[in-house]
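The values are calculated or read from the model by the stated rules, or taken from the named source; none is laboratory data. On a predicted model such as this, the values are computed, not experimentally measured, just so you know. In this analysis, Cβ positions are derived from the backbone assuming ideal geometry, glycine residues included, and neighbour counts consider all displayed protein chains. Accessible surface is based on the protein model in full, side chains and every heavy atom, while ligands, DNA and RNA are left aside. Shrake-Rupley method; radii C 1.70, N 1.55, O 1.52, S 1.80 Å.
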Amino acid sequence: MDGAAKYFFARHTGTPVINRLRPIFRTAPIILAVAMLTLAGGWFGHVLGTRMRISSDRAAITSYSDQLLAHAIDVIAETNGAIDAANASPQDFCSPAEIELMRNMLFAARNLKDIGRIKDGHLICSTILGKTDGSVPMPQGPYTQLADGTRIYPDTPLAVSDSNAPVVDRGNANAVIDPRAFDTLKDPPFHYGIFYGDVGKKHLARIFGEGDAVVPAPADGVAWSLKSGILRRDGCSEASGLCISVWARLSELDAFSHGIVNAIMLLGAALGALGGLTWVNFRRRDQSLMARLSRALAHEELTLLYQPVVNVADGKIVGAEALVRWQSNESKGDFVPPDVFIAIAEQKGIAGRVTRYVLNRAIEEMAETLRLHDGFRITINIVASDLSDPKFFAALDDGLRRGGLSPRQIGIELTERSTADSSAAIEGIARLRSRGHIVYLDDFGTGYSSLSYLGELDVDVLKMDRAFTRTVGTDAVTVSIVPQIIDMAIKHNLSILVEGIETAAQATYFRNLPVPVMGQGWYYGKPVSAAALTKQLEQQDGIVAVKKGRKRSRQSLRKTGSSR
Ligand SMILES: Nc1nc2c(ncn2[C@@H]2O[C@@H]3COP(=O)(O)O[C@H]4[C@@H](O)[C@H](n5cnc6c(=O)[nH]c(N)nc65)O[C@@H]4COP(=O)(O)O[C@H]3[C@H]2O)c(=O)[nH]1
């Protein structure tokens, strides 16, 4: 293709543009997801913070209302007490003795400004004015009249000073409430109104504060409202004839509570962002782990160890399980546990590559040993997807041919978990067995298999999970499961391989079972290299391979255990 043709091709296929846009397509959804999580966290924090703020404001408003009510009850009790006492005065009406009596009452009161006697709508005498000439009229209104004749004049201009104050009269006496009666509750943090009258009939006069009477408030109780940005509490007490309203604009509520809302909102946003970034990080980590694993497979960095499997009766090695090891060159030689990277490889769909790698490597390293030691077998672990993967079966055929091995010498281990898709598992197992491989059901007893299912799977060997082995010799309840698993295996005509034998006591227990079993575990041997395992077998069987160019000799040939 000449230069012009290349240019034409590039322009008309649009490839360069797509390539340039690819990173944007890849990162945009991630950025969007993190931004959405941040916003969602912030919104959730705002809602939560506002709720917390309103609930804390409610508590403060309630406490202030309670203080106002308690004080208002004192003020009204003093007012009514003074009016009743003046009406019941034994002295002559407005005589010096009666004025003296009222003055004594005023001295004792804390919330009254004046007490007086009235007749025909005029003030005849009072503690402050003394005896008048009878021409001082009572205020003309507005007032609220109660059933017992009590009249309440809110915010009334006083004859004695330039100030205004609530005045209450009944019968022939009145009392002027001190306009500073509520100054004890200085610098009110909220707006308030104090209303006095007949609560049941809602005949109420405001005696202090601001605002209107609380018409929708219950006769004896509390009502909250949040309208037009105003949080309001209206409460009435029928016995005292008092209603108290306290309210505040949300915008006026103190900076501290705003601080809380903002802090919680920020915290929510931060948590949202953190969640998003953690998710991205996990994705990246998994992806980069997979990329590294893929390179490690290509560069043949993965190695194998082999853990001996013995006949428990005499401790002789009859096989070995190939266990993969990955010491990642790219991350300073970090060891990545096989169950971790195999699980991620399964999710990402590259576990089959690991299986084939392990199979090829095991045959490469152990073919000669396998050929020399009759009855000895290597088992490899596979994953669920291998059971229906033609590449796996092709690799098996190819490996056996290259190694000059019989299928019985390569055992296949699959976990209970990998048999969860039962029809594929049944089919795959049948296929493996029909080719002559011995199939092991690994980690048996960890919870996936039922008895009938075990019959359907039709495997050769049941590997009892090491969780059960661990209970032998202890009084753990699960120990009783061990004989049941053994019985089950016998009933299904399966061989038994016990995993995780670590102590002599456990070895003795399994040696004394009524059926012969195979065993694997640290008691018999930890996973070792191919060379070390070969050496162990040479010592055991007295068979030594003739090295490099020399003819191989088989000094002795002994059968080493179950060939099943
Ligand atoms: N505490 C204790 N542990 C013992 C004892 N004897 C053996 N083990 C450990 O138990 C695990 C046995 O392998 P598994 O059940 O197949 O469990 C394996 C298997 O599920 C998976 N795995 C390992 N290699 C491969 C592989 O090549 N392919 C696949 N698909 N999975 C593999 O990773 C799992 C863990 O493997 P490892 O870390 O090598 O851990 C091995 C082995 O080192 C003992 O007496 N006590």
Self-check item: Given (1) within 14 Å of the ligand (Cβ to nearest atom); (2) touching a helix residue (DSSP H, G or I) at 6+ places or on another chain (Cβ under 6 Å); (3) within 18 Å of PRO308 (Cβ to Cβ), number of the condition VAL358 does not satisfy
Solution: (2)
Quiz item: Among the residues of region 1-60 satisfying the criterion of being at pLDDT below 75 and of a type in the set (S, T, N, Q), which is nearest to TRP247 (Cα to Cα)?
Solution: THR50
Practice problem: Return yes or no: is PHE392 closer than 24 Å to LEU289 by Cβ, open to solvent by less than 10 Å² (accessible area, probe 1.4 Å) and in the same structural domain as ILE317 (by TED's automatic domain parsing)? | Solution: yes
Exercise. Check every one of the strands (runs of 3 or more DSSP E) wholly within region 80-161 and list those with 2 or more residues that are crowded, with 17+ Cβ neighbours inside 10 Å.
Key: 112-119, 122-126, 151-157
Exercise. Test ALA467 against the stated conditions and say whether it is in contact with a Ser or Thr (Cβ under 6 Å, 6 or more places away or on another chain), open to solvent by 10 Å² or more (accessible area, probe 1.4 Å) and within 16 Å of the ligand (Cβ to nearest atom).
Key: no
Quiz item: On the given criteria, is ARG431 among the charged types (D, E, K, R), within 16 Å of the ligand (Cβ to nearest atom) and open to solvent by 60 Å² or more (accessible area, probe 1.4 Å)?
Solution: no
Self-check item: Among the candidates VAL310, VAL340, residue that is open to solvent by less than 50 Å² (accessible area, probe 1.4 Å), within 13 Å of the ligand (Cβ to nearest atom) and of a type outside the set (Phe, Trp, Tyr)
Solution: VAL310
Quiz item: Within region 223-248, which residues are open to solvent by 50 Å² or more (accessible area, probe 1.4 Å), over 37 Å from the mean Cα position of the chain (by Cα) and of a type in the set (A, V, I, L, M)?
Solution: ALA239
Quiz prompt | Selection within region 378-419 - away from the ligand (no atom under 15 Å from the Cβ) and either touching a residue at least 60 places away in the same chain (Cβ under 8 Å) or among the aromatic types (Phe, Trp, Tyr) (or both) | solution = PHE393, ARG408
Quiz item: Does at least one position in region 164-174 carry a residue that is among the small types (Gly, Ala, Ser) and out of contact with any helix residue (DSSP H, G or I) (no Cβ under 9 Å at 6 or more places or on another chain)?
Solution: yes
Exercise. Output the residues belonging to region 517-547 that are more than 49 Å from the chain's Cα centre (by Cα) and either within 16 Å of the ligand (Cβ to nearest atom) or under 15 Å from VAL310 (Cβ atoms) (or both).
Key: GLN536, LEU537, GLN539, GLN540, ASP541
